[in-house]
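For reference, the structure discussed in these notes is given below.
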Amino acid sequence: MAQIVVEGLRHMYRPPRGRPVLALEDVSLEVREREFLALLGPSGCGKSTLLYLIGGFLPVEGGRIAVEGRTVAAPGPDRGIVFQHFALFPWKTVRGNILYGLERQGMPRAERERRAQQFIDLVGLTGFEDSFPSQLSGGMKQRTAIARTLAFDPKILLMDEPFGALDAQTRHLMQSELLGIWQRTPKTVIFVTHDVQEAVYLADRVAVMSARPGRIKALVDTRLDKNDKNIFRAKHFVDKVDELWTLVRDEAIKAERKAP
Amino acid sequence: MKAALIRYSPLLVLALAWELIARLGLVSSSALPPLSGVIVSWFDLLRSGDLVTASASSLYRGGTGLLLAVVVGALIGIAMAWWRPVNALMSPLVEMFYPMPKSALIPVTVVWLGFGDGSKILLIFLGCMLPVTLGAFNGARASDRMLVWSARSMGASRLRMLWDVVLPSAMPELLNGIRTAIALSFILLVSSELIVARQGLGYLIGYLGADGDYQPMFAVVLTVAFLGFAADRLYMLLVTRVLAWRA
């Protein structure tokens with residue numbers, strides 16, 4: 001049985017001013033345990049909204065979301081999240097940010113100090129433990145955010161365009177590091193992106209979403225040998241990118257035309 | 001230290017000008033007694049114990065009123081930002097009372113609580129609460145939704161999240177509101193003591209002025225000015241420490 005089940009999900013986006021907009025319509029999706037699934041689609045297609053609904057941050061209005069058989073009603077530490085703009089607590093240091101989740105889980109002090117250090121080392125932030133987020137580069141902030149979420153060991157990792165705010169080199173580096181981390185500590189990952197290459201490189205399976213209202217347009221298997229150093233030039237990789245790009249392009253054009 | 005000396009050198013110029021104007025007899029000594037004489041009076045007041053008693057009484061009233069204003073004001077501000085019903089209930093009240101000159105409450109608090117400490121504390125509490133409330137409200141309302149979600153997904157309860165995320169998010173604006181409240185508290189303290197009190201710095205100013213003892217009266221006025229200045233400087237030092245996380 002799938003670990004995450006989304007059935008007939010429908011969601012209205014209600015802006016503070018103006019008419020409500022249908023953001024998601026009849027979205028159904030199943031995610032297996034330890035699968036790396038990318039949600040790919042043009043901006044405004046509702047892929048982040050879908051992620052927030054799975055996270056329990058937004059109320060489910062129509063349809064159903066279940067994680068391990070239990071209906072999602074609120075956020076919980078079984079589903080960790082990493083945001084595009086990091087969402088670090090600016091008043092806490094790197095260590096303080098990583099410790100926060102462990103404190104909330106009631107982990108004993110010595111153990112959480114040890115565990116925090118372990119994850120600081122894992123993401124290569126040794127020496128920056130006492131820095132505040134405002135003193136860090138974008139890449140370091142995102143490493144902190146990833147370490148913070150990994151440290152409290154959620155079964156499911158929700159990632160909302162986590163590398164979207166980083167420069168190209170840093171993004172590339174972080175992608176391969178994330179892949180490495182995921183291969184060592186297998187978790188279910190749902191990864192939102194609008195970058196086709198990123199989706200193919202990272203994911204086992206890519207769910208392509210249509211322009212607003214968002215639906216799942218296609219599910220594409222992308223299990224390739226990700227440890228191949230020349231993967232970006234390999235024919236099967238390039239073909240997958242092409243295949244997905246064709247699917248996404250039509251939606252991106254539609255989204256462009258609908259944009260106000 | 002040297003930088004501070006240069007920074008406050010205009011005060012020295014002002015002091016010299018004051019002394020000179022008074023010594024040359026450009027204004028009558030009742031309008032402006034010479035600074036040197038004021039300083040002598042200040043030490044007399046200090047030795048007699050009058051200044052210490054009055055300061056202690058005033059600082060107790062100001063401090064208690066301010067503390068109540070900060071705690072209650074911050075709680076109301078955050079509650080307004082986080083629960084719609086509280087906002088609907090409190091917003092019109094805040095709008096109504098914010099621009100009101102709080103000194104109009106001086107006789108009201110006296111009618112309620114008499115001439116002693118109680119009426120001053122209530123006045124300062126009521127008068128200083130709204131800037132704190134508004135600071136907390138604006139700061140809390142602007143707290144980042146993603147930070148709130150992060151805390152919730154890491155296992156923080158709603159109440160815990162208010163304390164861990166919303167309060168620190170509101171802190172810069174809240175601290176600004178408190179600074180305004182501190183300045184207001186001095187205004188309200190001295191004016192209420194001038195009008196109805198049996199002790200305190202404001203009372204001492206009024207008492208000495210009515211008796212025509214202008215030199216000691218100026219000494220107390222200077223004391224009040226210095227206390228206000230010192231309170232603000234100390235407070236800003238604290239703020240810098242609390243907000244050290246900002247780049």
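The values are calculated or read from the model by the stated rules, or taken from the named source; none is laboratory data. None of the values given here were measured: they were computed from a predicted structure. Virtual Cβ from ideal backbone geometry, glycine too; neighbours counted across all protein chains shown.
The set of residues from segment B:58-92 being hydrophobic (A, V, I, L, M, F, W, C), closer than 15 Å to B:Leu123 by Cβ and under 11 Å from the mean Cα position of the chain (by Cα) comprises B:Leu66, B:Leu67, B:Ala69.
The residue that is farthest from B:Ala156 (Cα to Cα), counting only those in segment A:40-81 that are part of a helix (DSSP H, G or I) and out of contact with any Asp or Glu (no Cβ under 6 Å at 6 or more places or on another chain), is A:Lys47. Anything in segment B:200-246 that is exposed (fewer than 15 other Cβ atoms within 10 Å of the Cβ), small (Gly, Ala, Ser) and farther than 30 Å from B:Met171 by Cβ? List them, or say none. The answer is B:Ala210, B:Gly212. Inside segment A:57-81, residues that are closer than 17 Å to A:Val31 by Cβ and touching a Phe, Trp or Tyr at 6+ places or on another chain (Cβ under 9 Å) make up a count of 2. Based on this model, can you work out whether B:Gly65 counts as under 30 Å from B:Pro168 (Cβ atoms) and assigned to a helix (DSSP H, G or I)? Taking the combined requirement at face value, the residue satisfies it.
Annotation: B:Met129 fulfils all but one of (1) among the hydrophobic types (A, V, I, L, M, F, W, C); (2) in contact with a helix residue (DSSP H, G or I) (Cβ under 6 Å, 6 or more places away or on another chain); (3) surrounded by fewer than 24 Cβ atoms within 10 Å (Cβ to Cβ); (4) in contact (Cβ under 8 Å) with a residue 60 or more places away in the chain; the unmet one is (3). Exactly one residue out of A:Leu53, A:Leu22, A:Leu39 is touching a Phe, Trp or Tyr at 6+ places or on another chain (Cβ under 9 Å), of a type in the set (A, V, I, L, M) and at pLDDT 95 or above: that is A:Leu39.
Within segment B:13-72, the set of residues being closer than 30 Å to B:Ala181 by Cα and hydroxyl-bearing (Ser, Thr, Tyr) comprises B:Thr53, B:Ser55, B:Ser57, B:Ser58, B:Tyr60, B:Thr64.
Residues that are without any contact (Cβ under 8 Å) to a residue 40 or more places away in the chain and basic (Lys, Arg) within segment A:112-157 comprise A:Arg112, A:Arg114, A:Arg115, A:Arg143, listed in sequence order.
Note on segment A:128-230: enclosed helices (runs of 4 or more DSSP H) holding 1 or more residues that are within 14 Å of chain B (Cβ to nearest Cβ) are A:138-151. Considered as a group, the residues in segment B:8-57 that are among the small types (Gly, Ala, Ser) and surrounded by 17 or more Cβ atoms within 10 Å (Cβ to Cβ) include one that is farthest from the chain's Cα centre (by Cα), and that residue is B:Ala22. Counting only residues that are farther than 23 Å from B:Pro172 by Cα, small (Gly, Ala, Ser), surrounded by 19 or more Cβ atoms within 10 Å (Cβ to Cβ) and at the interface with another protein chain (Cβ under 8 Å from one of its Cβ atoms), segment A:76-118 holds 2 of them.
For segment A:158-168, the count of residues that are surrounded by fewer than 19 Cβ atoms within 10 Å (Cβ to Cβ) and touching a Gly at 6+ places or on another chain (Cβ under 8 Å) is nonzero.
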